[in-house]
Every structure is written in C-alpha cells, then in structure tokens.
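Undergrad: Let me begin by handing over the structure; questions about it come next.
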Amino acid sequence: MKGGLIRRLDDSIDFIKQKTGGSSDILINRFAAGGVHCVLLCCEGMVSASVITELVFEPITSIPAKKGPHELFHYIQEELLLSTDRPVIEDYDTLFRLLYSGFAVLLAEGMPSALGFGVQGYSSRSIQEPSGEGNVMGAHEGFSETIRTSMSQLRRRMKSPELVMDMMQKGEKSCTDLCICYMKDRVPAELLRRIRKSLDGIRLESVLTTGYIRPFVESRRFELFSSTGTTERPDVLCSKLIEGRVGILVDGVPFAIVIPRLFCENFQTLDDYSYKPYYATFIRWIKYAAFLIAVLLPAVYTAIVMHHPELLNSTLLMILVESERQAPLSIMTEALGVLLMYEVIREAGIRLPKPMGGSVSIVSGLIIGDAAVKSGLISTPLLTVTALAVMSGLCVPELNPPVTMLRFAFLAAGGALGLFGISLLACGVLVNICATEDYGFPYTAPLSPFAGSGMGDTAVRSSFRKMQDREFTVEEYHE
C-alpha cells in the first residue's frame with residue numbers, strides 16, 4: 001500500500017472499505033469544501049466530537065470557493081490552523097495507522113495525498129497512584145496507559161531540550177506506538193545505537209505489553225535476573241534518564257522499560273532520597289538482609305535440621321525435635337508443601353475479583369494455616385521460618401520471580417546436600433549474576449567490577465551535598 005493515494009475519491013473510498021472489511025467503526029463523512037468534493041474519515045470512539053466539529057468541520061465547510069483541490073489543500077495548510085498535529089499522508093499504510101490512532105483524515109477529489117488532524121478524544125484511565133511502587137514522601141502519580149499522557153508527564157518534570165522522545169511503531173497488526181526516551185547529552189551513543197538496532201529486529205504481529213519488548217533488548221543467554229527494569233513512576237524514570245539510561249514507553253501499558261538495569265537498584269526507592277542519609281542507609285541494609293532471608297532461610301533451616309543438628313544448642317534442638325516428632329512428613333516435604341501452598345494463595349489473591357479477595361485471607365489464614373498446624377501436618381517452627389522468608393521477599397517486589405525460583409532451588413540443594421549444597425548453588429548463582437550484562441553494562445556494577453565512586457549510593461546513601469558535585473552517568477560502569 002505504498003505510493004500515492006488513489007486520486008479519484010470514490011475509488012479511494014471503495015479501496016478503504018475493502019481493506020477495512022466495511023468495519024462499522026470507520027465513519028465516512030462526505031461534504032464539499034471550496035467547491036471540491038471531500039471526505040472526512042474518522043474512527044468512532046477515537047475522536048472528540050466537540051473538537052472535530054469546532055476545529056475541523058466548521059472551518060473547512062466555510063472555506064470560499066477555490067479553483068481546485070491543490071488550491072484547497074494549500075489554503076488549509078497555510079491559512080487555517082485546525083489542529084496542532086497536521087501530518088501530510090502520502091500512502092494508505094500511514095492513513096490507516098493515523099486513522100486508528102484517533103486522527104481525522106481529509107481526502108479530496110483529485111489529490112494523491114491526504115491531510116490528518118490530531119483530534120483524539122478516546123477514553124482513558126486518569127493518572128493514579130502507582131500500585132507497585134508506593135512511597136511516603138514523593139509524588140503519588142504513575143504512568144497512564146495512554147503513551148502521549150506518559151510523555152507529557154516526563155516533559156513536565158524535565159523541562160530541558162536535551163530530553164528527546166522518539167516515536168516508532170512495532171507490531172505488524174497492532175502497530176503499537178513505542179517511545180524511546182533519553183537525554184541526548186547523557187546517553188552513550190553506542191548504547192542508543194544498539195538499542196535501536198535491537199528494536200529494529202522485532203517482527204512480532206502484535207505488541208501488547210512490555211514483556212513483548214524486553215526479550216529483544218536483553219542478552220540471549222540464560223540469566224537468572226533481568227538486565228532490564230520497569231517502573232511505573234515518571235520521577236523514577238527521569239532520574240534514570242539523567243544517569244544516561246534509555247527508557248521505552250509502550251502505548252497501552254503504564255510501565256516504562258529502563259535500560260540498562262543494575263542489581264543494586266532493586267533495593268533503592270524514591271523515599272531513600274527524602275529521608276536523612278543515616279536512616280536511608282539503615283533501610284537499605286534491611287532490604288539487603290531481607291533478600292538473603294527470602295532466598296536462603298527455608299533452605300538453611302532444612303539443611304541444619306536434616307544434616308547439621310550439631311550446629312544448634314541443646315534447648316533449640318529439643319524444641320525442634322519435639323515439634324517435628326508430631327509431623328508425619330519429612331522436613332523437606334513440609335517445606336516444599338508450605339511454599340507451594342503460599343504460591344497458590346498468592347496467585348489466587350491476584351487473579352480473583354476484588355470482592356472475593358477477603359475470602360482468600362479467611363481460607364488461607366484461618367482454615368489452611370491454623371488447621372494444618374493444629375492437626376500436626378506442619379510444624380510450627382517450619383511455618384514460622386517460611387512465613388518470615390515470604391514476608392522478607394515482599395521488601396524487594398521487583399525481584400519476586402527470581403527470588404521465588406531461587407527459594408525452591410536452594411531448598412532442594414539444602415535438603416539433598418546440606419550446607420555444602422547451598423554453598424555450591426550459591427557459587428553458581430553468583431557466577432550467573434556477575435556474568436549478566438546488557439549492552440556491555442555489568443548488572444552487578446558498582447560491586448563487580450568494583451567502582452568506589454558508585455558506592456556512595458549503593459552501600460550507603462550519601463547526602464545530596466556530596467552528590468551534587470559529581471555528575472554521574474551510567475557510562476562510568478561500561479566495560
């Protein structure tokens with residue numbers, strides 16, 4: 001469908017009807033403007049009726065008689081404003097893409113091109129507080145599903161001409177709008193070039209969420225942790241862009257992809273920069289400890305009870321022996337059962353309709369948990385250890401998928417080989433994490449390779465008086 005449009009208006013309309021299958025949401029409005037037969041196309045539900053009437057219909061229909069279609073289009077482009085976004089359409093691919101994006105399209109008899117008018121007015125969710133990145137002291141607004149609204153949220157915070165937002169479309173059928181965001185004076189040129197090359201390799205029929213894009217901008221080899229991140233907060237994305245990162249917005253998704261992502265950033269929140277440095281450092285170290293507890297605690301408990309009871313003092317050992325004596329299953333089986341039961345309850349709580357959410361808490365807390373302990377199927381110490389590990393994992397929600405799988409893997413290793421198995425698996429996990437990188441940026445920076453300049457916002461949280469004298473960019477971590 002490349003090349004110019006069909007000059008004869010009736011043939012062009014017939015071609016459009018054929019390509020759309022006579023879809024009922026395509027509105028075709030015939031009228032005469034300046035003595036020239038015209039058609040205004042729009043998609044029902046995608047345009048604002050009041051805007052299109054006041055800014056397009058009324059000005060165009062009141063145009064005085066002209067000599068021909070070329071003079072009519074010249075008059076519209078030079079004498080009338082109509083809308084701020086007025087692309088010239090040269091082919092049908094562009095026509096359909098703009099039509100389904102909420103533009104009104106003007107066709108005229110004898111013209112090989114058309115005019116588009118940005119009069120979008122489709123319904124969208126209002127800006128609301130992020131659901132997964134809560135904070136106390138920072139802003140309480142997150143991205144919207146509408147990509148242009150999300151772009152405006154970034155621009156409102158970064159009033160600098162250095163901020164560039166480049167639009168493109170991906171998905172042969174969905175034609176989903178993507179927006180690459182970066183600070184042109186901060187982003188490494190090679191990083192930007194390689195990301196564009198990766199996006200050019202997308203040949204999907206549809207792009208409906210960020211999960212369609214992330215595999216193309218990540219390494220092909222197996223990685224336990226994702227080398228790209230997501231955020232639903234405009235202020236967080238702005239802070240990453242200032243550091244030289246690249247953000248990708250996807251139309252219809254209230255999350256932005258951040259490239260590259262560092263492991264230490266999973267333990268940082270916006271509130272860290274609102275509190276005193278000593279308190280922010282304390283909270284950050286609690287999160288580091290919570291991550292280790294979430295991954296290792298069930299495995300260490302199982303390994304010690306099954307293989308290394310000599311590590312426990314006599315009092316604690318007798319308590320565990322007494323509690324496990326009543327349980328009919330092995331400790332390994334108990335631990336796996338409790339963890340699987342939690343994952344089932346968590347998934348049910350997420351997928352169930354909200355009115356039924358309370359029933360999940362009642363069933364899981366009162367019936368399953370209390371009844372399992374009283375009946376002797378599960379020992380109290382094991383249930384306590386598992387609950388502590390699960391709660392600790394909630395401190396780093398971004399890492400929930402890998403933490404969940406690692407928890408099971410370490411439990412299996414600890415149950416089979418004891419502390420030796422846990423140590424062996426830990427070495428493998430560390431090797432995988434240290435080998436993870438994205439476009440030459442190590443996932444474990446600034447810890448490995450070590451960069452002392454980056455420890456001021458990793459091991460601790462330095463004050464802004466110290467950080468303001470140093471313009472940090474992620475380029476310093478590039479290998």
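The values are calculated or read from the model by the stated rules, or taken from the named source; none is laboratory data. Small disclaimer: the values here were computed from a predicted structure and weren't measured. Reconstructed Cβ throughout: ideal geometry from the backbone, glycine too, with neighbour counts over all protein chains shown.
Undergrad: May I ask you to list the residues in region 77-110 that are over 14 Å from Q169 (Cβ atoms) and aliphatic (A, V, I, L, M)?
TA: Within region 77-110, L80, L81, L82, V88, I89, A104, V105, L106, L107, A108 qualify.
Undergrad: Of (1) surrounded by 16 or more Cβ atoms within 10 Å (Cβ to Cβ); (2) farther than 12 Å from L106 by Cβ, A33 satisfies all except one. Which?
TA: (2)
Undergrad: To continue, here is another question. Is it fair to say S124 is within 30 Å of T53 (Cα to Cα), assigned to a loop (DSSP other than H, G, I, E, B) and either assigned by TED's automatic domain parsing to the domain that holds T53 or out of contact with any Gly (no Cβ under 8 Å at 6 or more places or on another chain) (or both)?
TA: When the stated conditions are applied, S124 passes them.
Undergrad: Mind telling me which of the residues A416, A387 ends up being at pLDDT below 90 and assigned to a helix (DSSP H, G or I)?
TA: Exactly one residue qualifies, and that residue is A387.
Undergrad: Given the criteria among the hydroxyl-bearing types (S, T, Y), in contact with a Lys or Arg (Cβ under 9 Å, 6 or more places away or on another chain) and in a helix (DSSP H, G or I), does S423 qualify?
TA: Considered against the rule, which asks whether it is among the hydroxyl-bearing types (S, T, Y), in contact with a Lys or Arg (Cβ under 9 Å, 6 or more places away or on another chain) and in a helix (DSSP H, G or I), S423 comes out as no.
Undergrad: Looking at (1) in contact (Cβ under 8 Å) with a residue 24 or more places away in the chain; (2) of a type in the set (A, V, I, L, M, F, W, C); (3) touching a strand residue (DSSP E or B) at 6+ places or on another chain (Cβ under 6 Å), which is the only condition L27 fails?
TA: (1)
Undergrad: Shifting gears a bit: Touching a residue at least 24 places away in the same chain (Cβ under 8 Å), farther than 30 Å from K276 by Cβ, acidic (D, E) and not assigned by TED's automatic domain parsing to the domain that holds V396: is that true of E133 in this structure? Spell out the reasoning first.
TA: Values: touching a residue at least 24 places away in the same chain (Cβ under 8 Å): yes; farther than 30 Å from K276 by Cβ: no; acidic (D, E): yes; not assigned by TED's automatic domain parsing to the domain that holds V396: yes.
No, not satisfied.
Undergrad: Now a separate question. Would you mention how many residues in region 253-308 are part of a loop (DSSP other than H, G, I, E, B) and either of a type in the set (S, T, Y) or under 24 Å from the mean Cα position of the chain (by Cα) (or both)?
TA: Number satisfying all stated conditions: 10.
Undergrad: Give the residue that is farthest from the chain's Cα centre (by Cα), with candidates limited to residues of region 1-48 that are β-branched (V, I, T), within 15 Å of S113 (Cβ to Cβ) and not in a loop (DSSP other than H, G, I, E, B).
TA: So, considering only residues that are β-branched (V, I, T), within 15 Å of S113 (Cβ to Cβ) and not in a loop (DSSP other than H, G, I, E, B), the one farthest from the chain's Cα centre (by Cα) is V36.
Undergrad: To continue, here is another question. Among the residues of region 94-143 satisfying the criterion of being at pLDDT 90 or above and either touching a Ser or Thr at 6+ places or on another chain (Cβ under 7 Å) or acidic (D, E) (or both), which is surrounded by the fewest Cβ atoms within 10 Å (Cβ to Cβ)?
TA: E109
Undergrad: Same structure again: Check V164 against each of (1) buried (at least 19 other Cβ atoms within 10 Å of the Cβ); (2) assigned to a strand (DSSP E or B) and name the one condition it does not meet.
TA: (1)
Undergrad: Another one. Quick check: is even one residue across region 432-442 buried (at least 17 other Cβ atoms within 10 Å of the Cβ), within 27 Å of the chain's Cα centre (by Cα) and part of a helix (DSSP H, G or I)?
TA: Looking through region 432-442, at least one residue is buried (at least 17 other Cβ atoms within 10 Å of the Cβ), within 27 Å of the chain's Cα centre (by Cα) and part of a helix (DSSP H, G or I).
Undergrad: Counting only residues that are modelled with pLDDT of 90 or more and polar (S, T, N, Q), which one in region 150-168 is farthest from Q120 (Cα to Cα)?
TA: Among residues in region 150-168 that are modelled with pLDDT of 90 or more and polar (S, T, N, Q), the one farthest from Q120 (Cα to Cα) is Q153.
Undergrad: Can D185 be described as assigned to a loop (DSSP other than H, G, I, E, B), in contact (Cβ under 8 Å) with a residue 12 or more places away in the chain and not hydrophobic (A, V, I, L, M, F, W, C)?
TA: Yes, satisfied.
Undergrad: Can you name every residue in region 443-478 that is assigned to a helix (DSSP H, G or I), farther than 19 Å from P277 by Cα, among the aliphatic types (A, V, I, L, M) and over 23 Å from the mean Cα position of the chain (by Cα)?
TA: If we filter region 443-478 for residues that are assigned to a helix (DSSP H, G or I), which is where we start, we get 452-457, 464-467, 474-477.
Restricting the remaining residues to those that are farther than 19 Å from P277 by Cα gives 474-477.
Narrowing the set further to residues that are among the aliphatic types (A, V, I, L, M) leaves 474.
Matches in region 443-478: none.
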